[in-house]
């Protein structure tokens with residue numbers, strides 16, 4: 001087997017048994033990148049030189065016989081997480097030359113446990129989008145069909161994992177940006193509970209919704225990474241001061257008697273028939289493993305997209321005010337300071353980012369704040385209550401991750417609202433702050449992956465990981481890889 | 001609701017051309033119309049949620065810690081002197 005096809009636990013075993021050298025694994029992955037990256041375009045920056053240095057350090061630690069969980073494991077990081085001394089662009093022209101003088105907490109924790117940074121992956125500019133088509137640089141292709149989008153905004157990370165251009169990756173998820181691309185690329189994507197993972201060094205989009213998580217080849221790898229990146233961080237006051245369990249411990253536990261809620265609002269008109277059938281089959285499979293399906297209602301689901309786009313754009317307009325051409329990033333000329341601001345932002349931001357900044361500026365502007373922003377915050381309360389209510393009777397909620405499989409490049413770029421609606425099943429999870437995971441649950445007749453979303457209670461990633469693992473082990477979907 | 005692109009663009013510090021402004025105007029208006037769906041709900045006595053977790057002030061002892069150097073803070077600046085960011089003239 002080609003080495004780049006290994007997952008984290010397989011690579012760990014071979015490295016620790018001295019049957020594999022960290023540099024050989026790295027060779028195989030960079031060879032793979034050389035072979036297919038022209039087609040997939042998952043990476044904004046490759047950090048090859050640094051990677052080999054990191055591999056050397058990791059190898060020395062492995063040789064002592066006391067390896068860390070990620071010693072020698074090559075990973076890709078979404079390019080909105082700061083890496084000290086390494087270009088961090090957010091796929092935006094405004095940050096095209098930005099070199100962070102500090103390290104994000106997540107990458108620093110990965111570093112402490114021995115990971116190897118392969119490179120930084122493409123995203124929709126500032127994580128605003130569902131396809132990577134809003135990247136300021138280029139569109140990443142879906143490795144299953146190069147004419148289709150990989151999903152977004154963490155499309156580069158998801159495509160890289162699916163195509164074997166890395167062993168695992170990190171993404172970030174504000175309205176579905178980990179789960180939707182994971183679903184569309186046939187890999188596993190976990191958005192942890194808001195507050196579970198530090199956001200320090202994650203370039204802010206919508207601060208009350210943003211969360212860093214994992215994109216991996218299987219469920220166990222997700223648990224392994226969660227053990228490393230989770231936990232309170234003094235540098236992020238919104239990171240929860242809660243103990244972190246060993247997420248791998250629950251894997252393999254039986255799921256007999258687990259109550260899985262099926263929200264009737266998630267099986268809607270216009271949903272792709274093949275997606276619906278695959279998800280219903282997955283529910284039957286879970287039932288055969290002993291889970292008990294319960295029909296539930298999340299009555300405010302139809303308001304989630306509107307609520308999200310008011311809140312996320314409001315927060316974004318505020319967060320992105322910092323890009324003014326003064327302290328970092330791109331600067332355009334102007335006849336005075338105001339003119340310089342206006343030109344810098346006009347030339348530095350892409351169309352979707354501008355659209356969202358304007359929308360958010362409007363909803364926060366004098367006279368409209370109560371009608372839009374406060375109203376959306378109130379509806380957010382109702383959406384959160386729906387989940388609180390549902391979790392009184394069920395342990396996990398099961399839904400499709402996305403209403404369709406990967407769509408064609410260019411199919412939805414003309415109509416922003418249609419693009420927003422592709423996040424319909426993932427957005428509520430961010431509004432409620434609960435954890436959600438997408439795992440492969442089938443393929444369309446065109447051989448495109450379909451994802452199953454499992455949603456858990458606040459800080460109960462263990463249950464969704466346990467149920468996901470049980471499902472994964474009784475199916476073969478996660479073993480399929482694109483033919484590229 | 002009709003959004004004034006010119007007014008909003010100025011608030012957002014974005015130079016928007018006439019043609020671009022027209023496209024934004026119609027797109028933003030159709031998105032706002034969609035958002036008005038929220039008015040179907042009566043939220044009179046509903047508390048707004050700004051944050052899903054109960055947030056508390058996080059305090060620490062006031063001890064001196066290392067921060068990044070002035071030099072590092074300036075490495076990304078589009079324009080700077082040896083110690084300061086340089087911007088176009090503000091006061092005539």
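We did not get these values from a lab; they are worked out from the coordinates using the rules stated. For clarity, every value in this text was computed on a predicted model and none was experimentally measured. Cβ placement follows ideal geometry from the backbone for every residue including glycine, while neighbour counts extend to all protein chains displayed.
Considering only residues that are touching a helix residue (DSSP H, G or I) at 6+ places or on another chain (Cβ under 9 Å), within 21 Å of residue A:300 (Cβ to Cβ) and more than 7 Å from every other protein chain (Cβ to nearest Cβ), look in region A:344-372 and name the one that is surrounded by the fewest Cβ atoms within 10 Å (Cβ to Cβ).
Out of the qualifying residues, it is A:371.
Grab the helices (runs of 4 or more DSSP H) fully contained in region A:378-484, keeping just those with 1 or more residues being away from every other protein chain (no Cβ under 14 Å).
A:461-473
Scan region B:27-66 residue by residue and report those that are more than 9 Å from chain A (Cβ to nearest Cβ), within 26 Å of the chain's Cα centre (by Cα) and part of a loop (DSSP other than H, G, I, E, B).
B:54
Only one of these conditions is not met by residue A:375: (1) over 25 Å from residue B:32 (Cβ atoms); (2) in contact with a helix residue (DSSP H, G or I) (Cβ under 9 Å, 6 or more places away or on another chain); (3) in a helix (DSSP H, G or I). Which number is it?
Condition (1) is where residue A:375 drops out.
State whether one or more residues within region A:304-326 are more than 26 Å from the chain's Cα centre (by Cα) and either in contact (Cβ under 8 Å) with a residue 40 or more places away in the chain or surrounded by 21 or more Cβ atoms within 10 Å (Cβ to Cβ) (or both).
Yes, region A:304-326 contains a residue that is more than 26 Å from the chain's Cα centre (by Cα) and either in contact (Cβ under 8 Å) with a residue 40 or more places away in the chain or surrounded by 21 or more Cβ atoms within 10 Å (Cβ to Cβ) (or both).
Looking at region A:331-342, is at least one residue within 19 Å of residue A:89 (Cα to Cα), in contact (Cβ under 8 Å) with a residue 24 or more places away in the chain and facing another protein chain (nearest Cβ under 8 Å)?
Looking through region A:331-342, none of the residues is within 19 Å of residue A:89 (Cα to Cα), in contact (Cβ under 8 Å) with a residue 24 or more places away in the chain and facing another protein chain (nearest Cβ under 8 Å).
Can you go through A:153, A:157, A:172 and tell me which one is in a loop (DSSP other than H, G, I, E, B) and within 24 Å of residue A:117 (Cβ to Cβ)?
A:153
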